[in-house]
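Undergrad: Attaching a single structure in structure tokens format; questions to follow.
The values are calculated or read from the model by the stated rules, or taken from the named source; none is laboratory data. Just so we're clear, the structure is a prediction, and the values are computed from it rather than from any experiment. Cβ sites come from the backbone with ideal geometry, for glycine too, and all protein chains shown count toward neighbours. Just so you know, the surface numbers come from the protein's heavy atoms only, side chains and all, with ligands and any DNA or RNA stripped out. Shrake-Rupley method; radii C 1.70, N 1.55, O 1.52, S 1.80 Å.
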Amino acid sequence: MGSAVGSVRTVAGGRRTAARQQREAEIPEPQRIAASRKGMVATQHHCATRAGVRMLEEGGNAVDAAVAAALALGVCEPAASGIGGQTMMLVHLAEPKRTFALDGSSRAPNRAVSEVFSDRRREVRRGYRASTVPSSLATYHYASSTYGSLDWSKVFKPAIELAQEGYAVSALQHALTQRERQRLIEGTAAPFFLENGRALRTGRTLRQPTLGRTLERIARQGVEEFYLGETADLIHQDMEANDGLIQKDDLAQIPYPIERRPLTARFESSRVFTMPPPGAGRMLVQMLNVYQNLPERAADPDTPLGAVFLAETIRRASLDRQDRPYDPNFYSQVSDREMLQPEYAKRLARRISRRIQSRGETTHLSVMDGAGNVVALTQSIENVYGSCCASPDLGFLYNNYMNAFEYGDASHPYYMRPNAVPWASVAPTVIFRGRRPWLAIGSPGSERIAPSILQVLLRLRHSSPFAAVEAPRIHCSLDGKVSLEASRIRDDVPARLRRHGFEVVPREAYSFYMGCVQMVLRDHRSGELIGVADPRRDGSAAGPAR
């Protein structure tokens, strides 16, 4: 497993020197799999995992642990998330028995109209005009105050301590920061993450005192401080000074999350609950439905034939999601929900069989507590390091979700307009066996999210939890390009894919590109909770002390 993680670091950051390898060796390898009867947390960074476990040990429930871990991820995984982004959650409450989605979408600013952009293609990708109104804190507060059991200030403590005391920069974080350093320099966030224009070396301690003070103030004064208080004033001033679009009236319309009914589906003997639009749960449901109608010989993703069926299933589901978008706030735009129908999946499976025979950064965490409450949470600032901009007085990165709107077709449900919500690829998912939650799962990776979850679920039928997550993955883009972890996949798979018209793109082992599944499941025999953190990034799994 150590060499696997090393290969990710080498590709992301270039050839490593012996001194750098020595520094990496001094950083302990995160615990990728764990077991406990009292609760379980799996996140993309071991510091965030400890934050969640700490809440469980202090008497909190799964919601408290998830919010604390999410806040901590914004500190120790800043390239992927933070309080300047948005957060989606799938929640199951043991008492009363209820499963629901929290749609924590951000919002386009009131001044977001096409006329304000002089160079839209550039401005919505990076910089101050790329940011939507942050909604993560509003989502955390709603979840914590409505369903949590600990004080708001307590769930902030681990994140505040991380910001003030710092943490060791991993090889992956060093590589990502070095890769994006020019964008950070062109933005305003460079002083927080670069030293003399370079990324901090692996093993160095990154402290963020400015962010720590911001978090302390919000913890003490409440969520309204961010949207109506001093922080709101500072965001407004920063945007004004840098020609951004977000102003105080945008923030004053606090973007609290909307509770939505999850999408549901049957997969073999399990019941799947996943994220409705604007998330990408529809894509996952469609692929699961297709797999229940494929011949057995085509359902094994580790064979050449199975890889071809998997690639085509992913491609078809991606095409359908592109062709059938809808905004749940305007559901009347939808003529039907064909993507979710089993009959449509049967027809699609037959079409895929005939074809075969003829020839985007995000973070995820999963939590279960001892009482049976479950949270699957996915959050993001969109691209790696988001807009690459941050107020010198606040210390967090603004997102670049303005890049996630449709700009060409005014009839598109996600067409950019004031107060619109961006299209998202997230699919936090909770799966039941019988009446009890069995599995909480999710991944980052933009359009690779649902396919990553699918491949883990397929392998869980005959593999151990860690083996299912660690196994090699493939992804197929809309234009038929199949990315695969080539050195870990049978050498006859690429030729079979090419024979069926796919273009093959080899990627490194344990590729950063292939998502990063964080999973917690309940062992039906022992009753233990098993946590698995994907070795493709810096994650870990842990539970309260036995």
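Undergrad: Would you say Pro444 is at pLDDT below 90 and assigned to a loop (DSSP other than H, G, I, E, B)?
TA: no
Undergrad: Looking at Glu77, is it within 20 Å of the chain's Cα centre (by Cα), over 15 Å from Ala541 (Cβ atoms) and open to solvent by 10 Å² or more (accessible area, probe 1.4 Å)?
TA: Yes.
Undergrad: Of all residues in region 480-496 being touching a helix residue (DSSP H, G or I) at 6+ places or on another chain (Cβ under 6 Å) and open to solvent by 50 Å² or more (accessible area, probe 1.4 Å), which is farthest from Arg536 (Cα to Cα)?
TA: The residue in question is Arg496.
Undergrad: May I ask you to list the residues in region 244-258 that are more than 16 Å from Gly104 (Cα to Cα) and in contact with a Phe, Trp or Tyr (Cβ under 6 Å, 6 or more places away or on another chain)?
TA: Hit for region 244-258 is Gly244, nothing else.
Undergrad: Give Arg198, Arg121, Arg126, Arg181 a once-over and let me know the one that is of a type outside the set (S, T, N, Q) and either in contact with a Ser or Thr (Cβ under 7 Å, 6 or more places away or on another chain) or within 27 Å of Ala66 (Cα to Cα) (or both).
TA: Arg126
Undergrad: Now for a separate question. Consider Gly148 carefully, then state whether it is surrounded by 19 or more Cβ atoms within 10 Å (Cβ to Cβ), in contact with a helix residue (DSSP H, G or I) (Cβ under 6 Å, 6 or more places away or on another chain) and closer than 17 Å to Ala424 by Cβ.
TA: no
Undergrad: State whether the residues of region 467-479 include one that is open to solvent by 10 Å² or more (accessible area, probe 1.4 Å), assigned to a helix (DSSP H, G or I) and closer than 21 Å to Glu268 by Cβ.
TA: Yes, region 467-479 has at least one match.
Undergrad: Shifting gears a bit: Out of Glu26, Glu57, which single residue is modelled with pLDDT of 95 or more and either open to solvent by 10 Å² or more (accessible area, probe 1.4 Å) or not β-branched (Val, Ile, Thr) (or both)?
TA: Glu57
Undergrad: Checking Ala450 against (1) of a type outside the set (Phe, Trp, Tyr); (2) more than 20 Å from Ala299 (Cβ to Cβ); (3) buried (at least 24 other Cβ atoms within 10 Å of the Cβ), only one condition comes out false. Which one?
TA: Going through (1) of a type outside the set (Phe, Trp, Tyr); (2) more than 20 Å from Ala299 (Cβ to Cβ); (3) buried (at least 24 other Cβ atoms within 10 Å of the Cβ) one by one, Ala450 breaks only (2).
Undergrad: Additional query: For Glu503, state whether it is among the acidic types (Asp, Glu), surrounded by 21 or more Cβ atoms within 10 Å (Cβ to Cβ) and at pLDDT 95 or above.
TA: no
Undergrad: Would you pick out the residues in region 380-411 that are at pLDDT below 90 and open to solvent by 30 Å² or more (accessible area, probe 1.4 Å)?
TA: Glu406, Tyr407, Gly408, Asp409, Ala410, Ser411
Undergrad: If you take the residues of region 412-433 that are within 30 Å of Leu457 (Cβ to Cβ) and among the aromatic types (Phe, Trp, Tyr), which of them is most open to solvent (accessible area, probe 1.4 Å)?
TA: Applying the filter and picking the extreme gives Trp423.
Undergrad: Going through Arg525, Arg490, Arg459 one at a time, which residue ends up being assigned to a helix (DSSP H, G or I) and either among the basic types (Lys, Arg) or closer than 23 Å to Leu56 by Cβ (or both)?
TA: Arg459
Undergrad: Now, a different point. All but one of (1) under 20 Å from Ala299 (Cβ atoms); (2) in a strand (DSSP E or B); (3) under 19 Å from the mean Cα position of the chain (by Cα) hold for Leu484; state the number of the condition that does not hold.
TA: Failing condition for Leu484: (3).
Undergrad: Considering only residues that are closer than 30 Å to Leu184 by Cβ, part of a loop (DSSP other than H, G, I, E, B) and either open to solvent by 50 Å² or more (accessible area, probe 1.4 Å) or modelled with pLDDT of 60 or more (or both), which ones fall in region 338-379?
TA: Result: Glu361, single match.
Undergrad: Shifting gears a bit: Looking at region 436-444, is at least one residue over 16 Å from Arg522 (Cα atoms) and either open to solvent by less than 30 Å² (accessible area, probe 1.4 Å) or more than 15 Å from the chain's Cα centre (by Cα) (or both)?
TA: yes
Undergrad: Filter region 243-298 down to the residues that are β-branched (Val, Ile, Thr) and either on the phi > 0 side of the Ramachandran plot or part of a helix (DSSP H, G or I) (or both), then identify the one that is surrounded by the most Cβ atoms within 10 Å (Cβ to Cβ).
TA: Here the answer is Val285.
Undergrad: Give the residues of region 218-242 that are touching a helix residue (DSSP H, G or I) at 6+ places or on another chain (Cβ under 6 Å) and surrounded by fewer than 16 Cβ atoms within 10 Å (Cβ to Cβ), sorted by residue number.
TA: Asn242 - this is the single residue of region 218-242 that is touching a helix residue (DSSP H, G or I) at 6+ places or on another chain (Cβ under 6 Å) and surrounded by fewer than 16 Cβ atoms within 10 Å (Cβ to Cβ).
Undergrad: Still on this model: Inside region 60-150, counting only helices (runs of 4 or more DSSP H) that do not spill past its ends, which hold 2 or more residues that are at pLDDT 95 or above?
TA: Of the helices (runs of 4 or more DSSP H) lying wholly inside region 60-150, those with at least 2 residues that are at pLDDT 95 or above span 62-76, 136-147.
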